[in-house]
1. Output the helices (runs of 4 or more DSSP H) that fall wholly within the range 33-139 and possess 2 or more residues being within 16 Å of ligand 2 (Cβ to nearest atom), or say none.
2. Only one residue in Thr86, Thr10, Thr4 is among the hydroxyl-bearing types (Ser, Thr, Tyr), touching a helix residue (DSSP H, G or I) at 6+ places or on another chain (Cβ under 8 Å) and at pLDDT below 95, so which one is that?
3. Of the residues in the range 189-203, how many are farther than 29 Å from Tyr228 by Cα and either in contact with a Gly (Cβ under 6 Å, 6 or more places away or on another chain) or among the aromatic types (Phe, Trp, Tyr) (or both)?
4. Scan the range 208-223 and tell me whether some residue there is surrounded by 12 or more Cβ atoms within 10 Å (Cβ to Cβ), within 21 Å of the chain's Cα centre (by Cα) and either within 16 Å of ligand 1 (Cβ to nearest atom) or in a loop (DSSP other than H, G, I, E, B) (or both).
5. Which one of these is within 19 Å of Asp337 (Cα to Cα) and of a type outside the set (S, T, N, Q): Pro76, Pro36, Pro46?
6. Kindly indicate whether any position in the range 26-49 is within 19 Å of Ala269 (Cα to Cα), surrounded by 15 or more Cβ atoms within 10 Å (Cβ to Cβ) and in contact with a Gly (Cβ under 8 Å, 6 or more places away or on another chain).
7. Would you point out the residue of the range 306-316, among those that are more than 19 Å from the chain's Cα centre (by Cα) and farther than 19 Å from Arg239 by Cβ, that is farthest from ligand 1 (Cβ to nearest atom)?
8. Going by what's in this entry, would Asn248 be described as out of contact with any Ser or Thr (no Cβ under 6 Å at 6 or more places or on another chain), under 18 Å from Lys281 (Cβ atoms) and among the polar types (S, T, N, Q)?
Amino acid sequence: MKKTQYTIATLSSHSALQILKGAKDEGFNTLLIVTPEREAFYRTFPFIDEFMTVSKFSDFPSIEKQLIEKNVILIPHGSFVAYLGTQKNKTMKVSYYGNKKVLDWEEDRLKQREWLEHANILMPQQFKDVDSINYPVIVKSYGAAGGSGYFYAKNKRDYNSKISQMGSKQFVIQEYVIGVPLYIHYFYSPLTKKLEIMSIDRRYETNVDSLGRIPLAGQEGLEINPSYVVVGNSPLVLREAMLVEAYNMGLRVIESSQKLMDGRGLFGAFCLETVISEKQKFYTIEISCRIVAGTNLFTHGSAYSWLYYNEPMSTGRRIAREIKHAVEQKKLKMILD
Ligand code: AMP
Ligand code: AMP
C-alpha cells in the first residue's frame, strides 16, 4: 500500500497544527476532527485536506466508522486523554499511533512511579502518611489536567487549610523541588531502534511563573497562592554536559517499558517532565507518553533536531516520517494499535 492511501488525522487542539503540517510535508492526506466554533480558525491553514465536524470532542466515537472507511491513522495528543479519557482511547477501533498498553502505566500515578523507579529515574519523594511529610509539598490530582487543581503547601497548617479543595479526587503529595522546570521531548523509533532528543521547553504557568513580577512587599497580606495552570511554553537549550544524562534517562525509560509492558513498550514521541535542582539533578515529576504541546515551538525544527536531520523536523513531522517508513517497510503493525 502506498502512503497516499492513508489519511493522518487528529483532534483540533493541543498540537494538531504541527501534526498535520508534518503529515502533509511527508506526503499524507490530512484530516481534522473539529468542533464548530474552531472550524473557521483551522480552515485558514493550507495543509488540512479534510474537516469532519463533531459538536464536542467526547462525541468522537460517533464518527469512528467513517474514519475507518477513510483509512485514517489517528495521532493522539494531550487532548485525547484530557477530553476522551483513557477508556475511550483504549476502546477506539480506528488505527491509533502508539501502544495502548502504555496508557494504563501512564494514567495511574502509582504505576507510573513503579515504571520510572524500575528505570532508575530520580523522582521527588512521595508521602503516603500526612504525619510523615517534609514540607514544602505540592498536592496533585490524577490525570492530565494541565496543572489545574494543584496546590502548594509550605507547612502542616497550610496543608490542612487547603486539602478540602481536592474533594473526592485522587491525589498525591509530593516533595516540592525548587529548581528549573525542564521538559525533554524524545522520539524513539522501533524501526531504527534509535532514541533522539527532539527539543526541550519550559512551560509558562499561571500564576507561579509571574509571581516574581510583584515584589515580595507588594504580595504581603494578599494571600496569593501559587497555581500551575499551563498557558504556553518557551524554548530552552540545556547545558551540553547535562544532555548526556537527559539522553540516558530516555533510554532507561524505553528499556524498562519493554520489560514491564508487552515487549513493544513505549515508542514514538514522549516527554520527561523534570525539575533541575541546584545540585543539577533531574527530578522527574511526570512522563507523558505522546507528543507534548511544548513541541509546538519547533514546527520548523529545534537546535537538536537540526543536528540529526539537516532539514526542518518537528515532532509532528517525525511521527509522519515514521509512519511513512513503516508503510514502505510493511511494518505498520509494529507502530499502530
Ligand atoms: P487543550 O486541548 O489545549 O485543552 O489541551 C489538552 C491538555 O494538554 C491540557 O489539559 C494540558 O494538560 C495539555 N496542554 C495543552 N496545552 C499545553 C501546553 N502549551 N503546554 C503543556 N501542556 C499543554
Ligand atoms: P505536572 O502536571 O506534574 O506536569 O505538573 C505541572 C506543574 O506543576 C509543573 O510544570 C511544575 O511547575 C509544578 N510541579 C509539579 N510537580 C512538582 C514538584 N514535585 N516540585 C515542584 N514543582 C512541581
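The values are calculated or read from the model by the stated rules, or taken from the named source; none is laboratory data. What you see is a predicted model; the values in this text were computed from it and never measured. Glycine gets a Cβ as well: all are built from the backbone with ideal geometry, and neighbour counts include every protein chain shown.
1. Numbers: elements: 36-42, 64-69, 85-91, 101-107, 109-118.
Ranges flagged: 101-107, 109-118.
2. Only one candidate qualifies: Thr86.
3. Filtering the range 189-203 for residues farther than 29 Å from Tyr228 by Cα gives 189-195.
Okay, now just the ones that are also either in contact with a Gly (Cβ under 6 Å, 6 or more places away or on another chain) or among the aromatic types (Phe, Trp, Tyr) (or both), so 195.
Count: 1.
4. Checked the range 208-223: at least one residue is surrounded by 12 or more Cβ atoms within 10 Å (Cβ to Cβ), within 21 Å of the chain's Cα centre (by Cα) and either within 16 Å of ligand 1 (Cβ to nearest atom) or in a loop (DSSP other than H, G, I, E, B) (or both).
5. Only one candidate qualifies: Pro76.
6. No, the range 26-49 contains no residue that is within 19 Å of Ala269 (Cα to Cα), surrounded by 15 or more Cβ atoms within 10 Å (Cβ to Cβ) and in contact with a Gly (Cβ under 8 Å, 6 or more places away or on another chain).
7. First pass over the range 306-316, keeping only residues more than 19 Å from the chain's Cα centre (by Cα): 306-312.
Imposing the further condition that a residue be farther than 19 Å from Arg239 by Cβ reduces the set to 308-312.
Values: Tyr308: 23, Tyr309: 23, Asn310: 28, Glu311: 25, Pro312: 20 Å.
By that ranking, first place goes to Asn310.
8. Considered against the rule, which asks whether it is out of contact with any Ser or Thr (no Cβ under 6 Å at 6 or more places or on another chain), under 18 Å from Lys281 (Cβ atoms) and among the polar types (S, T, N, Q), Asn248 comes out as yes.
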